[in-house]
1. Only residues that are at pLDDT below 95 and either part of a strand (DSSP E or B) or closer than 23 Å to residue 95 by Cβ (or both): list them for the stretch 229-254, please.
2. Of (1) on the phi > 0 side of the Ramachandran plot; (2) touching a residue at least 12 places away in the same chain (Cβ under 8 Å); (3) of a type in the set (Gly, Ala, Ser), residue 72 satisfies all except one. Which?
3. From (1) within 16 Å of the chain's Cα centre (by Cα); (2) assigned to a loop (DSSP other than H, G, I, E, B); (3) surrounded by fewer than 24 Cβ atoms within 10 Å (Cβ to Cβ), pick out the condition that doesn't hold for residue 80.
4. Does residue 167 count as outside the structural domain of residue 58 (by TED's automatic domain parsing), touching a helix residue (DSSP H, G or I) at 6+ places or on another chain (Cβ under 8 Å) and surrounded by 15 or more Cβ atoms within 10 Å (Cβ to Cβ)?
5. In the stretch 203-228, what residues are part of a strand (DSSP E or B), within 18 Å of residue 141 (Cα to Cα) and among the hydroxyl-bearing types (Ser, Thr, Tyr)?
Amino acid sequence: MARFLHLFALLFALLLTPAAIAQERGPVVLAAASLQESLTEAANAWAAKGHAKPVLSFAASSALARQVIAGAPADLFLSADEPWMDAVAKAGMLRAGTRATLLGNRLVLIAPAASRTKLTIARGFPLARALGTGRLALADPDAVPAGKYAKAALSRLGVWTGVVAKVAPAENVRAALALVERGAAPLGIVYATDARASKAVRVAGTFPATSHPPIRYPVALLKASRHKDAAAFRTFLFSKQGRAIFARHGFSAP
């Protein structure tokens, strides 16, 4: 709760500072943590066209959705799953007709770069044995999309009950990635794009797409948005240039 209130306060402060009032700012975009590198590149490309650079705020989709529902000032929301976008829609916070699926992703098992661990991920695969006395890093499996996908996959593959006591839950997928990067956990589950963004980890296995719900990233304008560039920036994300940026970072078409 304290972290949520802190993020909420930061958003208000961002919009109310004299500097922000004195000069034009870009639309405020709340986006899933896994989009950090790709969306930042997209925002820079948009700004290079002469537009005000979008203001990006990254966190777990669950935390961002709660901020939107609580009334945080923002223009666009990009979630790492459909259920949290559904929650925002149910609260009546989306601009009608603007919700669409932007991206897809894959789920992978990661290990530190120096590790030699390699697993074929299939039903009953020896994950608990591979962990030994170590922990399994993943985003909060009860709320954060990456963690929910991970729990769904491990459950379907019949290994969740054998590793649940070893789970080290993190506040978002990048926090889970960091646990493996610094060696605090021998294995973790993140998106393929997160693993690609880090030189400190390697992919130890890829989850079958059929082992979990499809990983989709919906985007929508928020009903309270008043920024003149918000709709145009959303359109840019779906453009040929925008899609090429996301593809370079490993995202797939939905």
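The values are calculated or read from the model by the stated rules, or taken from the named source; none is laboratory data. Everything quoted here is computed from the prediction, not taken from an experiment. Ideal geometry is used to build each Cβ from the backbone, glycine not excepted, and the neighbour counts take in all protein chains shown.
1. If we filter the stretch 229-254 for residues that are at pLDDT below 95, which is where we start, we get 253-254.
Correct list: 254 only.
2. Every condition holds for residue 72 apart from (1).
3. Failed condition: (3).
4. Details: outside the structural domain of residue 58 (by TED's automatic domain parsing): yes; touching a helix residue (DSSP H, G or I) at 6+ places or on another chain (Cβ under 8 Å): no; surrounded by 15 or more Cβ atoms within 10 Å (Cβ to Cβ): yes.
Criteria not met by residue 167.
5. Within the stretch 203-228, the first condition is being part of a strand (DSSP E or B), and the residues that meet it are 203-206, 216-222.
Filter once more, so that each one left must be within 18 Å of residue 141 (Cα to Cα): 216-217.
Result: 217, single match.
Here's the yes/no breakdown for (1) surrounded by 21 or more Cβ atoms within 10 Å (Cβ to Cβ); (2) in a helix (DSSP H, G or I); (3) not assigned by TED's automatic domain parsing to the domain that holds residue 195:
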position	(1), (2), (3)
42	yes, yes, yes
45	no, yes, yes
58	no, no, yes
86	no, yes, yes
